[in-house]
Amino acid sequence: MTTPPSPSVLTLTKDHGAADLDGVTKMGIGASWDTTSGGSGALLGALRKARGTDLDVFAILLNGKDPVRYAGLDVTDPLQNGAVTSTGDNQTGRGDGDDELIEVTFDRVPPQVTSIVFVCAAYKKGSDFKKAANVSFKVYDSTGGTTQQVADIWPSLLGNGNAIAVAKAYRVGAAWKLEVINTRGTVKQGDQESLLRFAANK
């Protein structure tokens with residue numbers, strides 16, 4: 001259960017640089033969006049809103065520049081130890097709160113994983129960011145068993161492409177840092193290798 005954001009929630013941008021995650025043992029990145037008519041009016045617009053909008057959130061686990069695992073869609077626990085988990089595939093964007101959530105428990109992440117890139121994409125064929133509104137990302141600290149939103153990341157509405165590299169968590173010695181990427185790009189829809197290459201280049 002997440003708690004409402006406190007007044008001290010920070011909107012993270014690239015300009016903030018890398019944030020130390022000292023003392024954070026479990027972190028979450030949640031994505032939310034609203035369905036929209038995609039610019040269509042009348043009956044077609046109403047049908048699009050009723051059908052909902054399908055975006056997908058992934059965590060790509062890297063060893064250096066080599067993708068070794070990912071969480072997202074039906075892969076909810078790629079390391080099978082609860083280190084990186086996904087809530088699974090929300091295909092409509094309906095409802096309050098996060099539509100999809102990735103959580104990382106840092107002390108369970110094996111040393112072979114040197115960084116984790118968080119990506120939101122219109123990944124499935126037929127999906128489109130233009131059919132989603134109010135896309136936002138929230139950063140949670142779940143250390144100690146309670147979950148509190150500590151930051152958010154707002155993607156720019158400008159730019160092309162069907163994927164957003166949101167942020168990257170990476171090791172510095174025994175510690176972890178979190179850096180905002182917030183960069184648009186294009187992946188081939190439905191192509192896992194294209195998605196992995198997009199993340200590996202961030």
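What the table shows:
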read-out	value
Close pairs (7 angstrom Cβ cut-off, 6 or more residues apart or separate chains): over 18 Å from Asp54 (Cβ atoms) in the range 190-202, basic (Lys, Arg) anywhere	Ala200/Lys65; Lys202/Lys168
Qualifying position, being more than 26 Å from Arg108 (Cβ to Cβ) and at pLDDT 90 or above, among Thr13, Thr35, Thr25, Thr53	Thr13
Condition met for Gln192 (within 23 Å of Asn81 (Cβ to Cβ), touching a strand residue (DSSP E or B) at 6+ places or on another chain (Cβ under 6 Å), modelled with pLDDT of 95 or more and open to solvent by 30 Å² or more (accessible area, probe 1.4 Å))	no
Any hit, the range 74-81, residues being under 22 Å from Leu196 (Cβ atoms), of a type in the set (D, E, K, R) and either at pLDDT 85 or above or touching a strand residue (DSSP E or B) at 6+ places or on another chain (Cβ under 7 Å) (or both)	yes
Hey, Lys125 assigned to a loop (DSSP other than H, G, I, E, B) and out of contact with any Leu (no Cβ under 9 Å at 6 or more places or on another chain) or not	yes
Count of residues meeting criterion [in a loop (DSSP other than H, G, I, E, B), modelled with pLDDT under 95 and within 19 Å of Asp107 (Cα to Cα)] in the range 136-160	1
When residues of the range 82-94 are limited to those that are at pLDDT 55 or above and over 15 Å from the mean Cα position of the chain (by Cα), the one most open to solvent (accessible area, probe 1.4 Å)	Gly82
Options Ala163, Ala167; residue that is open to solvent by less than 20 Å² (accessible area, probe 1.4 Å), among the hydrophobic types (A, V, I, L, M, F, W, C), under 16 Å from Val104 (Cα atoms) and in contact with a strand residue (DSSP E or B) (Cβ under 7 Å, 6 or more places away or on another chain)	Ala167
Test: residue in the range 127-144 that is open to solvent by less than 20 Å² (accessible area, probe 1.4 Å) and under 16 Å from Tyr170 (Cβ atoms)	yes
In the range 110-122, the residues that are in a loop (DSSP other than H, G, I, E, B) and open to solvent by less than 10 Å² (accessible area, probe 1.4 Å)	Val113, Ala122
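The values are calculated or read from the model by the stated rules, or taken from the named source; none is laboratory data. Everything quoted here is computed from the prediction, not taken from an experiment. Heads up, the Cβs are rebuilt from the backbone with ideal geometry, glycines too, and the neighbour counts pull from every protein chain shown. Each accessible area value is taken on the protein alone, full model and side chains, heavy atoms only, with ligands, DNA and RNA left out. Shrake-Rupley method; radii C 1.70, N 1.55, O 1.52, S 1.80 Å.
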